[in-house]
1. So what's the chain giving for Rg/Rh, alpha carbon basis, Kirkwood Rh from the mean inverse pair distance?
2. Hand me the trypsin sites (Lys or Arg not before Pro) from the stretch 176-227 located in a DSSP loop with no more than 15 other Cβ atoms within 10 Å, in residue order please.
3. With charges set only on the Cβ (+1 for Lys and Arg, -1 for Asp and Glu), what does the dipole of the stretch 40-158 come to about its Cα centre, in debye to the nearest 20?
4. Calculate, for residue 185 and residue 93, the FRET efficiency according to 1/(1 + (r/R0)^6) with r their C-beta to C-beta distance and R0 35 Å; round to the nearest 0.05.
5. Nearest 500 deg cm²/dmol is fine: what mean residue ellipticity at 222 nm does the chain get from its DSSP H runs of n ≥ 4 alone, each adding -39,500 (n - 2.57), divided by its residue count?
6. Cα gyration tensor of the stretch 146-191, axes a ≥ b ≥ c as square roots of the eigenvalues: rounded (a/c below 1.5), prolate (a/b > b/c) or oblate?
7. Suppose a student asked you for the relative contact order of the chain, using Cα pairs under 8 Å spaced at least 6 residues apart; what percent would you report?
8. With +1 on each Lys and Arg Cβ and -1 on each Asp and Glu Cβ, how big is the dipole of the chain about its Cα centre, in debye rounded to the nearest 20?
Amino acid sequence: ALGMAYGITSTSFLLAAGASPAVASASVHIAEVFTTGVSGVSHIKLGNVNKNLFLRLLVPGMIGALVGAWLLSSIDGKAMKPFVSAYLLLMGLYVFSKVFRTIRRQHGEPKHVAKLGLAGGFVDAVGGGGWGPVVTTTLIGTGHDPRMTIGSVNLAEFFLTFVSAIAFALLVGEGPWAIVAGLVIGGLFAAPFAAYLTARLKTKTLLALVGTVISVVSVYNLYRALA
């Protein structure tokens, strides 16, 4: 509904269900190839893509994703779980904080896009999500055009997700295909409901709901990981 938080929400619940961080992130990224592909094509057709911004995000984002996938696949899942849960908790609080922010419109090309793309790609792969909350909210939060920002970031996310999915498929020993199927099927059922809510609830209400759910599940995961 928000164009973000699918990854971090799904990963939070998969960790709570007992999946390792690598398998959770791999499953989410493989499932997201389908959703981000459709989203990217839609934004191109609607004229929501700033070509320059898209290209500035693309390569740094993919590099960050590859490094994050390698790191997550190389470290023991139990050791990594508390850190991933803590990251997801921070992301949940970050999404929730957007409810209280007033955005001032900025003009001109955004700065430090490559650094933002690199960081967004890395945390997205490590945390199973975060590209949208890190990149989209940072750019919009600093006052840049929401329509062009969302379209450009979502199109770049398809390529980022595709690279991450290939990397995880090669690096993760466990077959996540049953989880992937569940995420895709669940997403198909959830999409109409999300559209219904989007049409009737204010954006800040949606941000508060998503941020609260992610934060609560992440606290539970962190408790389990440290207990």
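The values are calculated or read from the model by the stated rules, or taken from the named source; none is laboratory data. Quick caveat, the model's predicted, so the values are computed rather than measured. In this analysis, Cβ positions are derived from the backbone assuming ideal geometry, glycine residues included, and neighbour counts consider all displayed protein chains. The protein model used for the area step is the full one, side chains on, heavy atoms only, and it has no ligands, DNA or RNA in it. Shrake-Rupley method; radii C 1.70, N 1.55, O 1.52, S 1.80 Å.
1. Computed over Cα atoms, the ratio is 0.94.
2. Details: sites: 200, 202, 204, 224; in loops: 202.
Hits after loop and neighbour filter: 202.
3. About 340 debye.
4. Details: r = 30 Å, r/R0 = 0.86.
Computed FRET efficiency for residue 185 and residue 93 comes out at 0.70.
5. Counting only the DSSP helices, I get -26500 deg cm²/dmol.
6. oblate
7. 41 percent
8. Here the chain has a charge dipole of around 780 debye.
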